[in-house]
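Following: one structure in C-alpha cells, then a few remarks.
Throughout, read-outs are computed from the coordinates displayed, never taken from laboratory work. From a predicted model like this one, the values you see are computed outputs, not experimental measurements. Neighbour counts are summed over all protein chains in view; Cβ atoms, including those assigned to glycine, are modelled from backbone coordinates with ideal geometry.
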Amino acid sequence: MTRARSPARRRASTPRRPPPSVEILDTAFHRASLATPHGETKPERDRRRAQLKIVRSGATVVRHLRLETRRFAKPGLTEFERALVAGAFGDGTLDRALVRIRRAEERIRGLSREAEAATRRASGAEELGDQVRAYYGRLSSFVREVDRDLEIVRAVTEFLRNRPRLDPAAPTLVVAGFPNVGKSSLVAKLSSARPKVADYPFTTLSIAVGHADLGFDRLQVVDTPGVLGRAHRANLAEEEATTAVGRAATVVLFVIDPTGGSGYTLEEQEALLAKWREEYPRLPIVDVETKSDLGQRATRRLRVSALSGEGIDTLWTTLRRLMEPKGEMPPIEEATEEVPLVADDGGDRSPATASRPRRGPERA
Ligand SMILES: Nc1nc2c(ncn2[C@@H]2O[C@H](COP(=O)(O)OP(=O)(O)OP(=O)(O)O)[C@@H](O)[C@H]2O)c(=O)[nH]1
Ligand SMILES: [Mg+2]
C-alpha cells in the first residue's frame with residue numbers, strides 16, 4: 001500500500017493529452033482578451049483594460065483549479081475511497097498534489113493583487129503592456145508548475161468515477177476469493193448487479209456494487225477482483241479487493257471453488273481464507289463452496305450454486321443474521337432526553353424510527 005504508483009504508467013497506452021495548463025491558460029487568456037473597458041479617456045481605458053486582463057485571467061485560472069479539485073473538496077473522500085486511492089496511487093500522493101494546487105491558487109491570488117496595484121502606478125500604454133505581459137508570464141509558470149499535480153488529480157478523479165460510491169453507513173457484503181471461482185456469478189445471484197462472468201481469471205478487475213433488500217435494511221453487495229494471496233506480489237486488482245475486505249466489509253463472503261474448475265487448488269484457497277481470518281479476527285467471514293451443481297463433495301461448509309440456486313436461501317438466512325442490528329440502542333438517557341414520543345404536531349417519533357448506530361466491521 002505504500003508503493004508509489006505512477007498514474008502516467010497506468011495510462012501508458014492512451015494517447016497523451018496536452019498538459020492541463022495549456023487548456024487552462026488558453027481559456028484564461030481568451031476570457032481576458034474579451035475585456036471591454038469603460039472610461040472617458042484613452043489612458044483611462046488602457047489602464048482599465050490592463051487591470052481587467054490581470055484580474056480576469058487570474059480568476060479564471062483559480063476557478064479552473066477549483067473545478068479540477070472539486071471531487072476532493074468537503075465532505076471529501078470516505079475512508080474507503082482514501083484507502084483505494086492510496087493503494088492505486090501511493091500513500092499521500094493525492095494529498096501532496098492537492099496541497100501544491102491550493103498553494104498555487106494562493107500565489108496566483110497574491111500575484112494578481114500585486115499586478116493590479118502596479119497598473120495604477122504605470123505611466124502609459126507601453127508600460128501597462130509590459131506589466132500585463134510580465135504578469136501573464138508568471139501566471140503561466142505558476143500553472144505549469146502544478147501540471148503534474150493536476151494530472152494526478154485528474155487520474156484519481158477518473159479512477160474514482162469508475163468505482164462505485166459505497167455508503168459507509170450501510171451494511172456491506174464483500175464477495176471475495178480466488179480468481180475465476182464464481183464470485184461475480186454469486187454477486188449477480190444475490191443482488192441487482194450484473195457483472196461480467198467468464199471462464200478465465202481476472203475477469204473482474206475493479207470493485208462493483210449491487211444492492212439487495214435485507215428486509216430491515218438495504219445491503220450493498222460488492223464484487224471484487226480475485227486475490228491470489230501471494231505475499232508482497234499483489235497486482236493492483238488484488239490490492240483493490242483486499243482493501244474492500246479490510247476497509248469496506250461488514251461481512252465477507254469468501255467464495256471457494258472446490259471443483260478445480262477455476263484453476264486453483266482447494267488448499268491455496270483455504271490458505272487465503274486462513275490468512276484473512278488471522279488478519280481480521282473480528283470481521284465475520286462466511287465461507288461457502290460454490291458450483292455445487294457440478295457434483296457432490298463431503299464438506300462442513302455451506303454448498304451453493306449460482307447456476308441452480310442451491311444453498312442460496314440458507315446463505316441469505318446466515319447473512320441476515322450477521323447483518324442484523326445488534327441492539328445497539330443509544331444509552332437510555334440519550335434516548336429519553338430530546339426525543340418526545342409524541343411530537344408537538346402529533347406525529348409519531350418513537351425511538352424505533354430514530355437512527356441507530358451501525359455495527360461496522362471491527363478492524364484488526
Ligand atoms: N457450474 C457452475 N459454474 C459456475 C458457477 N458459478 C460460476 N460458474 C462459472 O465459473 C466461471 C467463473 O465465474 P465468475 O463468476 O466470472 O468468477 P469470478 O470469481 O468472478 O472470476 P474473476 O472475476 O475472474 O475473479 C464462469 O465460467 C462461470 O460460468 C456455478 O455455480 N456453477
Ligand atoms: Mg468476477
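Rg (Å, one decimal) plus Dmax (Å, integer) for the alpha carbons of the chain?
28.4, 96
What percent do you get for the relative contact order of the chain when only Cα pairs under 8 Å and 6+ apart count?
Numbers: 536 pairs, mean separation 49.5, N = 364.
For the chain, the relative contact order is 14 percent.
Once you order the gyration tensor axes a ≥ b ≥ c over the Cα atoms, which shape class does the stretch 172-323 get: rounded for a/c under 1.5, otherwise prolate or oblate by comparing a/b with b/c?
On the way: a/c = 1.28, a/b = 1.08, b/c = 1.19.
Verdict is rounded for the stretch 172-323.
Count the net charge of all other residues whose Cβ sits under 11 Å from the Cβ of Pro225, scoring Lys and Arg as +1 and Asp and Glu as -1. Each step should come with its number before you reach the end.
On the way: positive: Lys183; negative: Asp223, Glu238, Glu239, Glu240.
Residues close to Pro225 contribute a combined charge of -3.
So what's the back-of-envelope 222 nm ellipticity for the chain, counting only DSSP H runs of four-plus at -39500 (n - 2.57) apiece and dividing by all residues, rounded to 500? Spell out each step's value before the answer.
On the way: 12 runs with 171 residues, N = 364.
That calculation yields -15000 deg cm²/dmol at 222 nm.
Determine the sum of side-chain charges near Ala274: Lys and Arg each +1, Asp and Glu each -1, restricted to other residues whose C-beta is under 12 angstrom from that of Ala274. Mind showing how you got there, number by number?
Values: positive: Lys275, Arg277; negative: Glu267, Glu268, Glu270, Glu278, Glu279, Asp287.
Here the count lands on -4.
Could you tell me how many degrees, from 0 to 90 and to the nearest 10, lie between the Cα long axis of helix 93-119 and the main elongation axis, the longest principal axis, of the Cα atoms of the chain?
Result, in degrees: 20.
Under a Cβ-only charge scheme (Lys and Arg +1, Asp and Glu -1), can you give me the dipole magnitude of the chain about the Cα centre, in debye to the nearest 20?
Values: 62 positive and 51 negative charges, 350 e Å.
With only Lys, Arg, Asp and Glu charged at Cβ, the dipole is about 1680 debye.
Can you pull the three principal axis extents for the Cα set of the stretch 137-218, in Å, largest first?
Reported extents, whole Å, longest axis first: 61, 36, 18.
Hey, any idea what the orientation-averaged projected area of the convex hull of the stretch 284-327's Cα atoms comes to, in nm²?
Values: hull surface 13.6 nm².
If I average the Cα hull's projected area over directions, I get 3.4 nm².
Please report the orientation-averaged projected area of the stretch 7-161, defined via the convex hull of its C-alpha atoms, in nm². Intermediate results must be reported in sequence, preceding the final value.
On the way: hull surface 41.1 nm².
Projected over every direction and averaged, the Cα hull of the stretch 7-161 covers 10.3 nm².
Can you order the peptides 251-263, 168-180, 289-301 by their average number of other Cβ atoms within 10 Å per residue, highest first?
On the way: 251-263: 21.0, 168-180: 23.2, 289-301: 14.8.
Packing order, densest peptide first, comes out as 168-180, 251-263, 289-301.
Taking the Cβ of Ala306 as the centre, find all other residues whose Cβ is under 15 Å away and add up their charges (Lys, Arg: +1; Asp, Glu: -1).
On the way: positive: Lys183, Lys189, Arg194, Lys196, Lys291, Arg303; negative: Asp199, Asp223, Asp257, Glu289, Asp293, Glu310, Asp313.
Residues close to Ala306 contribute a combined charge of -1.
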